[in-house]
Amino acid sequence: MFRFFADINNISAAAIKLSDEDSKHIRSLRLRPDEKFIVCDGNSTEYVCTLDQPDKFTNAVIISSHNSKSEPTVSCKSYIAFSKGDRLDYAVQKLVELGINEIILFKSSRCVAIPHDIPKKVTRLQRIVLETAKMSGRGIIPKVSYSGDFEETITEALTESKLTLFFYENEEKLNIKSILNQHFPDGDENKINNNKHISIITGPEGGFTEQEVEYSRSKKIPVVSLGSRVLRSETAPVVALAAIMYHTDNL
């Protein structure tokens, strides 16, 4: 079924007021009067709907509602350093498909390209998030934001999450599998529940500097490897999230 999102304030007990953009989209789809579609409130509640009237596209009649089954049991935030070209576009799209909860952009020492207009960049990526959330059947619309420089980002990640993972291509001792086994052991429900809010920090094209790595270590953040191969800046956050989702039975 086609999927749309609506502001929760536009949802009543029996009907949903659709946005102008969604109304135009539904008109272009030429939906039949009895054809069902889904409208989600962005808080994991989905409504199965039909059109109010065959020739009217502003209101949807609610047939039934249910909780979204597509949202993962872990809440992950991806902190991504700015990169050039369309690399961020790719990373954002794939992260949303995999179940990311929030995406936060930041500046680090080796960022090759930082947008002149960061709010405009955030708005553009938020649009990609919305379209991907519709396509992939998400129950929420993940938020895109900007945290600031490297140290501000580290502080925010530590404040927001129970478990923060810093991914570094030159780490040789601690890998993603071992850290996930440690924090999500079989049968230890208390430990599993305590680590359900996870922050993932990945760097730009040139990687993190040794100073940034040591700063993270000084804050007691696990520095983790994603394997023996060097991953591109747009690939690393996607692989990290996929590993977490697989390990926690969300894939």
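The values are calculated or read from the model by the stated rules, or taken from the named source; none is laboratory data. Note that the coordinates shown come from a computational prediction; the quantities given were computed from them, not determined experimentally. FYI the Cβ positions are ideal-geometry reconstructions off the backbone, even for glycines, and counts take in every protein chain you see. Side chains are part of the model used for accessible areas, which takes the heavy atoms of the whole protein and leaves out ligands, DNA and RNA. Shrake-Rupley method; radii C 1.70, N 1.55, O 1.52, S 1.80 Å.
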Restricting to lysines and to Cα separations under 22 Å from residue 17, and discarding same-chain partners fewer than 8 apart, the set is 36, 56, 134
For the stretch 180-237, the dipole about the Cα centre with charges only on Cβ (Lys and Arg +1, Asp and Glu -1), to the nearest 20 debye, works out at 60
Percent relative contact order for the chain, counting Cα pairs under 8 Å at least six residues apart, stands at 20
Out of 197, 211, 70 - ranked by how far each Cα lies towards the positive end of the dipole of the chain, with unit charges on the beta-carbon of charged residues - the top one is 70
With residue 67 itself left out, Lys, Arg at +1 and Asp, Glu at -1 over residues whose Cβ is under 12 Å from its Cβ give -2
The size of the Cβ-based charge dipole (Lys, Arg +1; Asp, Glu -1) of the stretch 104-251 about the Cα centre, to the nearest 20 debye, is 460
Expressed in angstrom and rounded, the centroid-to-centroid distance over alpha carbons for the stretch 103-140 and the stretch 1-28 is 24
About its Cα centre, the chain carries a charge dipole, from +1 on Lys and Arg Cβ atoms and -1 on Asp and Glu Cβ atoms, whose size in debye to the nearest 20 is 360
Karplus-derived 3J(HN,Hα) from phi for the stretch 7-14 (6.51 cos²θ - 1.76 cosθ + 1.60, θ = phi - 60°), whole Hz, x at Gly and Pro, runs 5, 4, 6, 9, 10, 10, 5, 10
Listed residues 108, 83, 44; largest mean-square fluctuation, Gaussian network over the chain with Cα springs below 10 Å, found at 44
Long-range amide H partners of residue 105, meaning residues 5 or more apart or on another chain whose placed amide H is closer than 5 Å, are 80, 145, 146, 147
Counting only protein heavy atoms with a 1.4 Å probe and every protein chain in place, the carbon and sulfur fraction of the accessible surface of the chain in whole percent equals 47
With every protein chain kept in place and a 1.4 Å probe, the chain has an accessible area per residue in Å² of 52
